[in-house]
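K.L.:
I'd like to ask you about the structure that follows.
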Amino acid sequence: MFCGIGLMNNHTQAKYERNQAVPVEKVLYGHIGSVRNITEKQLVEDRNQGWRTFGGALIGGVVGHQFGGGRGQDVATVLGALLGGGLANQYGNREYYLEYQLVELMINQEDGTQVMVVQDLDPGMIFNAGDQVRVVYLKGYVRVDIAM
């Protein structure tokens, strides 16, 4: 029997630290059938875009207000705000990729089932085919560790 288990959430990281106590539903032991290191790229958009545009408009308005007098000063203030907001919007737009290091494990469990688990790569816990592992089933997710 094959049971696919994915651990990838939006951030693809474990929902707990190894030294943190969490309720466990069950624990099964097994052997690693195969290991594959993979990466996942996630596009991240800068969510501060509106604030940058507002800040650019504010600064542009302050700078524009320094020029002219009377109606000319009002026009310079408005033009400065528009120019500042436009520049901040155009050049402040930032998208970037976060790259997550993951490990895909095919595990033959002691109860005869086979599961695949994808979890974050932990440099302190390197898996190899044939390793005996502990599959810890937690509420809503799974974690695999080397059996001690």
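Computed from the coordinates by the stated procedures, all read-outs in this text should not be read as laboratory data. Computed from a predicted structure; not experimentally measured. Glycine also receives a Cβ, built like all others from the backbone with ideal geometry; neighbour counts cover every protein chain displayed.
K.L.:
Find the eigenvalues of the gyration tensor of the Cα atoms of the stretch 100-148, then list the square roots of 5 times those eigenvalues as equivalent ellipsoid semi-axes, largest first, in whole angstrom. Kindly include the intermediate steps, with their values, before the conclusion.
P.N.:
Values: eigenvalues 54, 37, 21 Å².
One finds semi-axes of 16, 14, 10 Å for the stretch 100-148.
K.L.:
Turning to a different aspect of this structure: Would you kindly state how much longer the chain becomes between ASP111 and GLU99 on full extension, computed as 0.36 nm times their sequence separation minus their alpha carbon distance, in nm to one decimal? Working shown, then result.
P.N.:
Numbers: separation 12, 0.36 × 12 = 4.32 nm, distance 3.49 nm.
Gain in length upon complete extension: 0.8 nm.
K.L.:
Using DSSP, restrict attention to beta bridges with both residues in the stretch 99-148 and report what percent are antiparallel, rounded to the nearest 5. Show your work: numbers first, answer last.
P.N.:
Numbers: 13 of 13 bridges.
Around 100 percent of the beta bridges assigned by DSSP in the stretch 99-148 are antiparallel ones.
K.L.:
For the pair VAL35 and MET125, how long in nm is the line joining their label points, each one 7 Å along Cα→Cβ?
P.N.:
In this crude label model, VAL35 to MET125 measures out at 1.3 nm.
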